[in-house]
Amino acid sequence: MLSLDNAFSHEEVREFDLRVKRFLGTDDEIEYTVEPKYDGLAIELTYRDGLLLRASTRGDGYVGEDVTRNIRTIKSVPLKIEGVRDIPGEIDIRGEVYMDIEEFEALNRQREEKGESPFANPRNAAAGSVRQLDPSITASRRLHLACYGAGAVKGMEFRSQWEFIRWLEKARFPVPVIVRLAKGIDEVVEVIREIEEKRRHFPFETDGAVIKVNDFELQRTLGVKTREPRWAIAYKFPAHQGTTRIRDIIPSVGRTGVITPVALLEPVRIGGVTVSRSTLHNWDEIKRKDLRVGDTVVVERAGDVIPHVVMVIKEKRTGKEKPFAIPEKCPVCGAKVVREEGEVAFRCVGINCPAQVQERIKHFASRAAMDIEGLGEKNVELLYSKGLIRHFVDIYRLKKEDLLKLPRFAEKSAQNLIDAIQRSKKTTLARFLYALGILHVGEYAAKLLARHFKSLEDLYNVSPERIAGIKQMGEKIARSVSDFFSDPGNLQTLETLKSLGLEITNPDFEGKKKKKQPFEGLVFVITGTLPRPRKEVEEMIEDLGGHVSSAVSKSTDYLVVGESPGSKLQKAQDLGVRTISFDELLEMAEG
Ligand code: IVH
């Protein structure tokens, strides 16, 4: 797998076109394709007879890492080529695995809550998620794929990049959001402008566009230099960086008490946006980058991602810069600050710390939690400062008259908020558990709990062992959930919420199936394509007490055979392992 030459201006893109023409000895306009450059991890997928055989990383270009098990967990990766008549005997499809900006930010928030160090950018997050020993971790991160190239192809021929992309699309592979055919370099430049214009709205990060000679025959003639092809170039958008000064570094207290340092910057325009603050993630980061108040720093904004400080320009130091000390006391409530063992985060231990309380209320009302429209940051701060809400329970005691006394509210806006609060009373257990802001319980853990516990009351006084018994629940979460539900004060709060009219349903509960364990102790292997996604089937089997193994052996009880089964079928027949269809599996599941 090759890398790409870069062009940093339209001028350099035009020079690339001249080089291509010179090499080919032609004055004719060249046809190019233009695509966004995805910032993730390059992957090669090998399909044999239409089935995904292997996924590997780029590695050093020659030898990569086998990441098949992890890549299979990504929803958009086809396990089988479908939808096209022509399927090559063997084909290497190249693409980029990436993470959306929103997912990246959520993941980092989660990591910071757990006291883990955040990923520097979506690219590192994607790479870190793919290069995992445990595929369930990869599966828990929402990764995407964009396919943009072919490696070796046997038994079929594509004539151009354009034809290949169209084939990929038909074969249900995800392709770049924009792929344009451009005749001549002027059209290329137009498309580059289009991508640069539109990229703000892309859910993922992109730092450029890739321009490729469309015709594969011409690509072959042009060939490669040492590591880069002569037929392609990456145009890099001007970096979203700026230089400014750190006016101050302030500690900011989050809902779980974690204290995050934030740099207050002299406002600077970067990529059309004024940046005046930037999270510094944690104190180790400040130490590592040796950041001081008064320092001149390079700040970068990539896509919509929160700006971050890249580095200090040490030459600009005057000697008056002040190193920053970790606060010993919470800057908001004055309580002690502690660092838990093995964590990078410092926490304020003050149980009634106003900063934590306000953040907890904001979290409770947020979209993924109770989803109370109109109860965002500003309004929570206002209501808190007026003493109208001191705890999220108070939200359900708010009256329209109280709101009308406040400057921000008029008849209509007050009624809207009261209605939104009323609506939020009907909620699901998963949302509610997430809303409670139990330490280490993010959206995903909340959902897992809801799957295993029928009602809120079933969690009262739950033992940590019971929770740790749920697959994917670590001991840390188990302890924290158990602690939460054995605290009399917390249970009182939950009862109060119920008496204020909260109605919690639990559509996620899967326990009914749980009682009957028709697959208890049985080992299944799956081959071929099933009518449902493989992962879903595996989860079903495991939920019913069975185990799914990847290879057929003497200890396999059943081989579930889908469409176009692989060599496992032969093996099963050789070993005398029973084979069943998907429908038979469902029948067994129903008992
Ligand atoms: S084509 C000859 N197309 O960028 C290499 N690459 O800097 C062919 N990348 O290793 C690459 N988006 O991981 C191509 N639309 C796109 C791309 C893309 C991202 C990555 C790819 C490559 C790196 C080179």
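The values are calculated or read from the model by the stated rules, or taken from the named source; none is laboratory data. Computed from a prediction, not measured in an experiment: that's the story for all the values here. Here Cβ is always computed from backbone atoms with ideal geometry, including for glycine, and neighbour counts include all displayed protein chains.
Residue check: residue 21 meets all listed conditions (1) within 16 Å of the ligand (Cβ to nearest atom); (2) over 14 Å from residue 168 (Cβ atoms); (3) at pLDDT 95 or above but one, namely (1). Regarding segment 8-17, can at least one residue be identified that is over 14 Å from residue 168 (Cα atoms), away from the ligand (no atom under 16 Å from the Cβ), assigned to a loop (DSSP other than H, G, I, E, B) and free of Cβ contacts under 8 Å to residues at least 40 places away in the same chain? Within segment 8-17, one or more residues are over 14 Å from residue 168 (Cα atoms), away from the ligand (no atom under 16 Å from the Cβ), assigned to a loop (DSSP other than H, G, I, E, B) and free of Cβ contacts under 8 Å to residues at least 40 places away in the same chain.
One residue stands out among those in segment 197-220 that are surrounded by 14 or more Cβ atoms within 10 Å (Cβ to Cβ) and in a helix (DSSP H, G or I): the one that is nearest to the ligand (Cβ to nearest atom), which is 219.
Residues checked against (1) on the phi > 0 side of the Ramachandran plot; (2) acidic (Asp, Glu); (3) in contact (Cβ under 8 Å) with a residue 24 or more places away in the chain; (4) surrounded by 14 or more Cβ atoms within 10 Å (Cβ to Cβ):
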| position | (1), (2), (3), (4) |
| --- | --- |
| 542 | no, yes, yes, yes |
| 547 | no, no, yes, yes |
| 553 | no, no, no, no |
| 556 | no, no, yes, yes |
| 572 | no, no, yes, yes |
| 587 | no, yes, no, no |
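Inclusion of residue 466 among residues that are in a helix (DSSP H, G or I), in contact (Cβ under 8 Å) with a residue 40 or more places away in the chain and over 21 Å from residue 363 (Cβ atoms) is not warranted. In segment 374-383 there is at least one residue matching the filter, namely being closer than 19 Å to residue 500 by Cα and either modelled with pLDDT under 95 or part of a loop (DSSP other than H, G, I, E, B) (or both). Of the residues contained in segment 489-504, one or more are found to be of a type in the set (S, T, N, Q) and surrounded by fewer than 13 Cβ atoms within 10 Å (Cβ to Cβ).
So that you can scan it fast, the table gives a plain yes or no per residue for (1) more than 16 Å from the ligand (Cβ to nearest atom); (2) of a type in the set (Lys, Arg); (3) within 15 Å of residue 131 (Cβ to Cβ); (4) touching a helix residue (DSSP H, G or I) at 6+ places or on another chain (Cβ under 6 Å):
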position: 27; (1), (2), (3), (4): yes, no, no, no
position: 40; (1), (2), (3), (4): no, no, yes, yes
position: 44; (1), (2), (3), (4): no, no, yes, no
position: 73; (1), (2), (3), (4): yes, no, yes, yes
position: 84; (1), (2), (3), (4): yes, no, no, yes
position: 94; (1), (2), (3), (4): no, yes, no, no
position: 98; (1), (2), (3), (4): no, no, yes, yes
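Residue under question is residue 135, and the condition is that it be in contact (Cβ under 8 Å) with a residue 60 or more places away in the chain and more than 16 Å from the ligand (Cβ to nearest atom); does it hold?
It is true that residue 135 is in contact (Cβ under 8 Å) with a residue 60 or more places away in the chain and more than 16 Å from the ligand (Cβ to nearest atom).
Here segment 29-38 is the region considered, the condition is being of a type outside the set (Lys, Arg) and over 15 Å from residue 231 (Cβ atoms), and the residue that is nearest to the ligand (Cβ to nearest atom) is 38.
When residue 111 is tested against (1) out of contact with any strand residue (DSSP E or B) (no Cβ under 7 Å at 6 or more places or on another chain); (2) in contact (Cβ under 8 Å) with a residue 24 or more places away in the chain, exactly one condition is not met: (2). Would you be able to say whether some residue in segment 431-449 is loosely packed, with under 14 Cβ neighbours inside 10 Å and modelled with pLDDT of 95 or more? Within segment 431-449 (the criterion being loosely packed, with under 14 Cβ neighbours inside 10 Å and modelled with pLDDT of 95 or more), the answer is no, since none of the residues qualifies.
Restricting attention to segment 22-47, the residues that are surrounded by 15 or more Cβ atoms within 10 Å (Cβ to Cβ) and not in a loop (DSSP other than H, G, I, E, B) add up to 16.
Residues that are over 19 Å from residue 362 (Cα atoms), more than 23 Å from the chain's Cα centre (by Cα) and not in a helix (DSSP H, G or I) are absent from segment 429-452 altogether.
Checked against the criterion of being in contact with a Phe, Trp or Tyr (Cβ under 7 Å, 6 or more places away or on another chain), under 27 Å from residue 550 (Cβ atoms) and not aliphatic (A, V, I, L, M), the candidates 40, 59 yield just one match: 40. Quick check: is even one residue across segment 361-370 part of a helix (DSSP H, G or I), in contact with a helix residue (DSSP H, G or I) (Cβ under 9 Å, 6 or more places away or on another chain) and aromatic (Phe, Trp, Tyr)? There is at least one residue in segment 361-370 that is part of a helix (DSSP H, G or I), in contact with a helix residue (DSSP H, G or I) (Cβ under 9 Å, 6 or more places away or on another chain) and aromatic (Phe, Trp, Tyr).
Looking at 258, 275, just one residue is at pLDDT below 90 and buried (at least 19 other Cβ atoms within 10 Å of the Cβ), and that residue is 275. Determine whether residue 66 is within 16 Å of the ligand (Cβ to nearest atom), at pLDDT below 95 and of a type in the set (D, E, K, R). So residue 66 fails the test.
If you check residue 227 against the conditions, is it touching a Gly at 6+ places or on another chain (Cβ under 9 Å), at pLDDT below 95 and among the charged types (D, E, K, R)?
Spelling it out, residue 227 is indeed touching a Gly at 6+ places or on another chain (Cβ under 9 Å), at pLDDT below 95 and among the charged types (D, E, K, R).
Among the residues of segment 143-162, write down those that are more than 16 Å from the ligand (Cβ to nearest atom) and either without any contact (Cβ under 8 Å) to a residue 12 or more places away in the chain or crowded, with 16+ Cβ neighbours inside 10 Å (or both). Residue satisfying the conditions is 157 alone.
Looking at segment 295-326 only, could you name the residues that are more than 23 Å from the chain's Cα centre (by Cα), surrounded by fewer than 17 Cβ atoms within 10 Å (Cβ to Cβ) and part of a loop (DSSP other than H, G, I, E, B)? 313, 317, 318, 319, 320, 325, 326 - these are the residues of segment 295-326 that are more than 23 Å from the chain's Cα centre (by Cα), surrounded by fewer than 17 Cβ atoms within 10 Å (Cβ to Cβ) and part of a loop (DSSP other than H, G, I, E, B).
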